[in-house]
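Reading through the structure tokens given below for one structure.
The values are calculated or read from the model by the stated rules, or taken from the named source; none is laboratory data. These numbers were taken from a predicted model, which means no experiment stands behind them. Cβ atoms come from the backbone with ideal geometry, glycine included; neighbour counts cover every protein chain shown. For accessibility, only protein heavy atoms count, side chains too; no ligands or nucleic acids. Shrake-Rupley method; radii C 1.70, N 1.55, O 1.52, S 1.80 Å.
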Amino acid sequence: MRIGGGIEKPYQNPQEWYRLVEELGYRAVLAPVDYKAGQAEKEAYLECIRDHDLVLGEVGAWCSPLSLNEEERRRNLEYCKKQLALAEELGANCCVNIAGSRGDKWDGFCADNYLKDTYALIVDTVREIIDAVKPVHTSYTLEPMPWMIPSSPEEYLQLLHDVDRKGFGVHLDFTNMINCPERYVHRDRFVEECFVKLAPYIKSVHVKDVVMENVFPCVIREVMPGKGCLDYGKVIRLCESLGTDMTFFVEHLPDHESYMEAAAYVRGQAVLAGVTLP
């Protein structure tokens, strides 16, 4: 298992970037450049990754290829294709996005997210992105969300079947799928279910925690690992079962110090769980 996360401090070159990676204690990294980077810059970062025995887990393609604005949708589709091509070039585990929303907010709730026509559009969109690049070394993946497809392991398995492309894999964010009191109450069992059902297809994992507030009607809130109620010893053992180079990323934290704290907590839980880290 390789622990990594976001980088909130600026950097100008691979040397500055690696100093931050080292300070944070990461052994897995997110792509330090996007598709607009020149060839020499991409090769310099890739050399740095290889020289320091890091695993490049994810290239982000964060946008909505389901936008109701057709011009924006076409632009986002092209962006996804270019970022997937970058992931293939760099040998990343995956290129990750969300399915997208049919509402005003690109990653927000909308009733139309659950229409049959929207599901068909998701399938067609994922196929179009993958078919444009034909990845061999990486996969296009969709991060699960609380209010769009896929929001359960069963929905993800169905989507894998319907997309029917070798270049389509799973990005696991189990916290995002804890979206109701029943899953919260049985959270450890649910997390295990996610890993067991999706294990053959998982390319990378996001690591967060969760708390449910005692207010009406229901508020479930994402928090830093260790600040919620998930059994991180169990989570780490499940992740380790996917392979020693599976990438495990802390995210959605406000600053460098928070990322240091979260990554250190996860590393400490790995030690307590008897998991040897690189």
Query raised in the report: Order of 34-43, 229-238 by packing, highest average Cβ count within 10 Å first?
Result: 229-238, 34-43
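Work out which helices of the chain, taken as complete DSSP H runs, extend at least 20 Å along their axis over the Cα atoms and score a mean Kyte-Doolittle of 0.0 or more, then list them.
On the way: long enough: 70-90 (30 Å, -1.40); 116-133 (27 Å, 0.47); 256-272 (24 Å, -0.04).
Qualifying helices, which must be both long enough and hydrophobic enough, are 116-133.
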Query raised in the report: Can you give me the pair-distance distribution of the range 1-104, C-alpha pairs, 10 Å bins, whole percents?
Result: 15, 43, 28, 13, 1
Query - Calculated volume of the Cα convex hull per residue in Å³ (choose from (i) 111; (ii) 129; (iii) 138), label - result: (ii)
Report summary line: For the range 34-168, percent of DSSP beta bridges that are antiparallel (nearest 5) comes out at 10 percent
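Report Rg(Cα)/(2.2 N^0.38 Å) for the range 77-161, keeping two decimals.
Values: Rg = 12.9 Å, N = 85, 2.2 N^0.38 = 11.9 Å.
Output field value: 1.08.
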**Report entry** Cross-link reach list, lysines versus K105, counting only Cα pairs under 23 Å and skipping chain neighbours closer than eight places
**Finding:** K81, K82, K116, K208
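When the accessible area of the range 1-116 is computed with all protein chains present and a 1.4 Å probe, what percentage of it is carbon and sulfur?
Values: 2570 of 5560 Å².
Ligands and nucleic acids excluded, carbon and sulfur reach 46 percent.
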**Report entry** Within the chain, helix-based [θ] at 222 nm, where runs of 4 or more DSSP H residues each add -39,500 (n - 2.57), nearest 500
**Finding:** -13500 deg cm²/dmol
Query raised in the report: Once both labels are modelled 7 Å past Cα along the beta-carbon direction, what's the D104-A199 spacing in nm?
Result: 4.5 nm
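If the chain between T276 and L115 were fully stretched, how many nm would it gain, using 0.36 nm times the residue separation less the Cα-Cα distance?
On the way: separation 161, 0.36 × 161 = 57.96 nm, distance 4.49 nm.
Here the segment from T276 to L115 would lengthen by 53.5 nm.
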Query - Whole-Å distance, taken between Cα centres, linking the range 12-55 and the range 197-247 - result: 26 Å
Report summary line: In the range 167-278 the accessible area split gives carbon plus sulfur, as whole percent at 1.4 Å, a share of 53 percent
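With every protein chain present, what is the per residue accessible area of the range 113-233 (1.4 Å probe, Å²)?
46 Å²
State the percent of C-alpha pairs, over all pairs in the range 181-245, separated by a distance greater than 19 angstrom. Intermediate values should be presented prior to the final figure.
Details: 742 of 2080 pairs.
Counting every Cα pair in the range 181-245, those more than 19 Å apart make up 36 percent.
Can you tell me what percent of all Cα-Cα pairs in the range 148-278 are more than 23 Å apart? Could the numbers behind the result be given before it?
Details: 2902 of 8515 pairs.
Above the 23 Å cut-off, the range 148-278 has 34 percent of its Cα pairs.
Could you give the length gained by full extension between D34 and W147, i.e. 0.36 nm per residue of separation minus their alpha carbon distance, to one decimal place?
On the way: separation 113, 0.36 × 113 = 40.68 nm, distance 2.76 nm.
Here the segment from D34 to W147 would lengthen by 37.9 nm.
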Report summary line: Cβ-Cβ cut-off under 12 Å around C239, Lys and Arg +1, Asp and Glu -1: the net charge is 0
Query raised in the report: Residue separation times 0.36 nm, minus the C-alpha to C-alpha distance between E8 and L157: what's the value?
Result: 50.3 nm
Report summary line: HN-Hα couplings for the range 134-143 via Karplus (6.51, -1.76, 1.60; θ = phi - 60°), in whole Hz with x for Gly/Pro, come out as 6, x, 10, 9, 9, 9, 7, 9, 10, 5
Query - Rounded to 5, percent antiparallel among DSSP beta bridges of the chain - result: 20 percent
Report task. Using only Cα positions of the range 122-181, each an equal point scatterer, no hydration layer, compute I(q)/I(0) via Debye at q = 0.15 Å⁻¹ and quote the log10 values to two decimals. Result -> -0.43
